[in-house]
Structures are given as C-alpha cells and as structure tokens.
Amino acid sequence: MRQNEAGLSWRQALLAVFFASSVANLAGLALHPSWWIAPGMIAGWYVADLASGLVHMYMDYRPCPPGKRLNDLFFYTGSRESDEYQTMLRERMASINAFERLVYDFKNHHPRPLALGRRGLWRLIGSTLIVAGLPLSMALNLSWVVWPLPAGLAAAVFAFTLGASFAQLFHASLHRDHNPPPIGLMRRLGLLMTPAAHQLHHDTLKQDFATNCGWSNPLVNRVFALLRERGYLDDAGLEPSS
C-alpha cells in the first residue's frame, strides 16, 4: 500500500469510528428519554459556539513564530499556484510544528477568506477530531455502560462534541458559495450563522469571533474588550513578521 493510501485509510477509519460512536450516543439518548434532552442540546451547542469563538480569538492574535519567514508567504503577490510559491510553502511549513501551522492558517484566511472554503474535510476537522472529538465521544459511549449521566448532561456533552468537532467545517462553510443541504437547513433553523453575520468579524477582526451559530458572540466580544483593556491581543499578532 502506498503512503498516501495508508494515510487515507487511517483517516477514513477514524472518521468511521467517530460516526459510529456518535450514532451510539444518539441511541443512548433515545433509550433514556427526558425533557432535559432539548435544553441540554441547546446548552451544549452554545458552549461549542463559545469554544469556537475563544479559540478563534486566541489563534487570530497569537503571534506566529519569529524568524520563520512566514511573512514571505503571507504577503506573496504572485500566483499561489506557481512552483516558486509552492516550494516556499513546503519549506516554510516544514520549519514549524502542526500547531503553528494552524495559527498561520487562521491569519492567512483573513485576506483570503475563500482559501479556507477550499480546504478538505480532514484538514478542517482532523486535529480537533483526534484531540477532542473522538475521545469525548468515546468517553460518553463508555458512560452509558459504566455510569450513565443524567440525560440532559449527556445531551449537552453530545451536542458540544459535534459542535466542537466540526467547528472549522462550519467556519469554512461561511466562505463557500455552495454547501451540502444540511448546512443550509441548519442555518434556516438558526443552528449555524450566516455568511453576512460572519462578515462583521472580517470587517474589523475585533468582534464576533464565534463561527458556529454566533449565539455566544456577545459574551466573546466582552471577553475581547476586557483583554484589550489589559494590554493583551495586540494587533501585531494578526500578521506574521519576518
């Protein structure tokens, strides 16, 4: 098996495990009906939105590692399909770790929002799925057998897990002209925000950092204002330096 096929295989396997784990948790909720499930779902979705906002705010303003010449990529004026740019991209990305690449990606999408919309599924959700989504989902699987949580709390954990796992996918959907039907349905239901609402963030980079449904933006905006008052979140962090 070639290396690319092997990589694709384990990624597909993780996605399949996460899907199966999520279905099992949904079945667990169905087997424990309660009036608390609906408010638990709403609470979990809100917390996932809040997490998306706080993470987005931190990543936007966290400085890129100095001395890595990431500014050469960020301010490149030629074709990004050119051999020159692609070679530079590989070299610069190889010089930083996976987390620093995420930090750069958050900044890079501000002047080029459509670039995020072109990202593949795994690039958008892979790191979140491995670090948080799958462990949380499987922990909830285990709880049904070992020590069942109250239905409302289990519903909150389930909704948070889904919202957090797919946060960057939801974010990317705000920068695409065409999305799968479920995205459109969730927007109509108010469970996902609209591109027009998200544009308020891009207009200033100082408000509305949440990218799932936007319910938590009033709170996130207050946190941002408080941190700015105390001298944190300097504008210099919005762009990579030399």
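The values are calculated or read from the model by the stated rules, or taken from the named source; none is laboratory data. Source: prediction; values computed, not measured. Glycine also receives a Cβ, built like all others from the backbone with ideal geometry; neighbour counts cover every protein chain displayed.
Points worth noting:
- Residue within segment 17-35 that is closer than 29 Å to residue 157 by Cβ, among the β-branched types (Val, Ile, Thr), at pLDDT 90 or above and crowded, with 16+ Cβ neighbours inside 10 Å present: no
- Which listed residue, of 134, 142, is part of a helix (DSSP H, G or I), out of contact with any helix residue (DSSP H, G or I) (no Cβ under 9 Å at 6 or more places or on another chain) and closer than 13 Å to residue 24 by Cα: 142
- Residue that is surrounded by the fewest Cβ atoms within 10 Å (Cβ to Cβ), among those in segment 73-125 that are over 25 Å from residue 169 (Cα atoms) and of a type in the set (A, V, I, L, M, F, W, C): 75
- Residue, surrounded by the most Cβ atoms within 10 Å (Cβ to Cβ), within segment 200-242, restricted to residues that are of a type in the set (D, E, K, R) and farther than 30 Å from residue 95 by Cα: 208
- Residues of segment 169-187 that turn out to be among the charged types (D, E, K, R) and modelled with pLDDT of 95 or more, as a count: 1
- Inside segment 197-230, residues that are assigned to a helix (DSSP H, G or I) and within 15 Å of the chain's Cα centre (by Cα) make up a count of 1.
- Among the conditions (1) under 24 Å from residue 227 (Cβ atoms); (2) surrounded by fewer than 18 Cβ atoms within 10 Å (Cβ to Cβ); (3) in contact with a Lys or Arg (Cβ under 9 Å, 6 or more places away or on another chain), the only one that residue 54 does not satisfy is (3).
- Test: residue in segment 162-170 that is of a type in the set (Ser, Thr, Tyr), surrounded by 14 or more Cβ atoms within 10 Å (Cβ to Cβ) and not in a helix (DSSP H, G or I): no
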